[in-house]
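Since the structure comes first, as structure tokens, the remarks are kept for the end.
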Amino acid sequence: MSPEGKRLLNIIVLGFGFMFMFTAFQTCGNIEVGTICINFAALRYCSMAIIYGVFSASNLIAPSVVAIIGPQLSMFLSGLLYSGYIAVFIYPYTWSFYTVSVLVGIGAAVLWTAQGNVLAINSTDNTIGRNSGIFWALLQFSLFFGNLYIYFAWHGHVHITDKDRQTVFISLTVISLVGCFLFFLIRKPDPESSPSDPFETPPQTVLTSIYLSAVKACKMFVTKEMLLLSVSIGYTGLELTFYSGVYGTCIGAMTRFGKDAKSLIGLSGIFIGLGEILGGGVFGMLNKNDRFGRNVVVLLGLITHFVAFYLIFLNIASNAPLAPEGGTDLQAYISPSVEVALLCSFLLGLGDSCFNTQLLSIIGFMFRDNSAPAFAVFKFIQSIMAALAFFYSNYLMLHWQLLILILAGFLGSVTFFVVEWQVESSRRDSDYDSI
């Protein structure tokens, strides 16, 4: 197999590994927040807030872990922590619920730092956009498959029995473990394809490596380019919380959607996944063509999200995020429509894929020689903003949450445009100098 074919195969295996893992994990999150809530009704967002809070702090040490044990083993061990989180819900207890939330936060930092490293070292300047799109599309199939199963298995169920729950979570745990073992199929890229070899252990001691890695990440965070991108990254953290937790809860709380409102949570996840897959598969490829650069894709994502936010404002009652377990009977500005709600789910997924594929692409392009700390900073910003959003979603009405998203999305798009223009200007200057 040619070196380019080997690198592409690594990206595909990486995508399938994440697809299996997050089919299980994201389905677990939807069930935990919106459907089962066994003795956790008052804690519906606490688990994710803990995960993202620990996630953000753990990004300081994640690059060192990846450098010491390699990205392949890092992803496998982190995946085992994700599988443990899912397995806890077979027989849920409050103490185990909080414990695994902390552990998954640590594992998530290592997992996503290693993922960014593997993506960068298996890509070139010409293929980083394509590879980001392929990975993102495969990852987001997780939203489709898991929620499709939940929708058909639990359609019309008002009460979920212990046996139903145990069957689902045992299945999800096995699926997650399959994804973990797929990471061992990733092969080391040829030396000439990578400026540095992250599979080799550096000569420093563990503590020295952790310290140097943290310093490098902090220095990278305060660079002009990363500070500008941090606004865009922060927006993806806010909207991640909204589409993965808040919006599904809002749909499930709308009693005017009928007795099957709870099952619509799974259907909403399917439509979010379809939007993510379409965006990853199409927009991830378009930036190979200069006419469809990263700025154009981000602008499309911003417009898509603004349309979705406006329709959600019209269709969903403002108290839906804070509604009691019995739901809300209030109506927004139009008669509640399931079709409009699912259209918004699709638009949320489509817009999210636009932002994330282009952020993966531009960070992988600018920091390819130091991909591990760069992606650690990326995930640090994203996770801390996601944790913040999970916190305020317990207190703010829907219209205030939408206003925050609109302001953050606009500012994040502007700062992304500035960085992309700088990158294109530097590339043109480099091409001119080489003539």
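What to note about this one:
- Scanning segment 118-150 for residues that are open to solvent by 10 Å² or more (accessible area, probe 1.4 Å) and part of a helix (DSSP H, G or I) gives Arg130, Ile134, Trp136, Ala137, Leu138, Phe141, Leu143, Phe144, Phe145, Leu148, Tyr149, Ile150.
- For first residues located in segment 309-320 and open to solvent by 30 Å² or more (accessible area, probe 1.4 Å), partners that are at pLDDT 90 or above and in a helix (DSSP H, G or I) and lie 6+ apart or on another chain with Cβ distances below 6 Å form the pairs Leu311/Val340; Leu311/Cys344; Phe313/Leu402; Ser318/Leu398; Ser318/His399.
- The number of residues in segment 403-435 being modelled with pLDDT under 80 and open to solvent by 60 Å² or more (accessible area, probe 1.4 Å) comes to 10.
- Within segment 323-338, the set of residues being open to solvent by 60 Å² or more (accessible area, probe 1.4 Å) and either in contact with a Phe, Trp or Tyr (Cβ under 9 Å, 6 or more places away or on another chain) or outside any loop (DSSP other than H, G, I, E, B) (or both) comprises Tyr333 only.
- Gly351, sole failed condition from (1) of a type outside the set (A, V, I, L, M, F, W, C); (2) over 18 Å from the mean Cα position of the chain (by Cα); (3) open to solvent by less than 20 Å² (accessible area, probe 1.4 Å): (2)
- When Ala217 is tested against (1) at pLDDT below 80; (2) open to solvent by 60 Å² or more (accessible area, probe 1.4 Å), only condition (2) is not met.
- Pairing residues of segment 352-373 that are among the small types (Gly, Ala, Ser) with residues that are surrounded by fewer than 21 Cβ atoms within 10 Å (Cβ to Cβ), at Cβ distances under 8 Å and at least 6 apart in sequence or on separate chains, gives Ser353/Leu278.
- Neighbours by Cβ (under 6 Å, 6+ apart or cross-chain): first from segment 405-426, assigned by the TED database to the domain that holds Leu227 and more than 14 Å from Glu239 (Cα to Cα); second open to solvent by 60 Å² or more (accessible area, probe 1.4 Å) and of a type in the set (Asp, Glu): Val419/Glu225
- Enumeration of residues in segment 1-52 that are surrounded by fewer than 21 Cβ atoms within 10 Å (Cβ to Cβ), modelled with pLDDT under 65 and of a type in the set (D, E, K, R): Arg44
- Failed item in (1) in a helix (DSSP H, G or I); (2) over 23 Å from Ala120 (Cβ atoms), with Asn370 passing the rest: (2)
- Residues that are modelled with pLDDT of 90 or more and out of contact with any helix residue (DSSP H, G or I) (no Cβ under 6 Å at 6 or more places or on another chain), drawn from segment 308-329: Tyr310, Leu314
- Segment 373-395, residues that are open to solvent by less than 50 Å² (accessible area, probe 1.4 Å) and outside any helix (DSSP H, G or I): Ser393
Quick grid of which residues meet (1) open to solvent by 50 Å² or more (accessible area, probe 1.4 Å); (2) more than 17 Å from Gly17 (Cβ to Cβ):
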site	(1), (2)
Val65	no, yes
Pro71	no, no
Leu77	yes, no
Ser83	no, no
Phe89	no, yes
Phe97	no, yes
Val100	no, yes
Leu103	yes, yes
Ala108	no, no
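The values are calculated or read from the model by the stated rules, or taken from the named source; none is laboratory data. Nothing here was measured: the structure is a model prediction, and the numbers come from that model. In this analysis, Cβ positions are derived from the backbone assuming ideal geometry, glycine residues included, and neighbour counts consider all displayed protein chains. The protein model used for the area step is the full one, side chains on, heavy atoms only, and it has no ligands, DNA or RNA in it. Shrake-Rupley method; radii C 1.70, N 1.55, O 1.52, S 1.80 Å.
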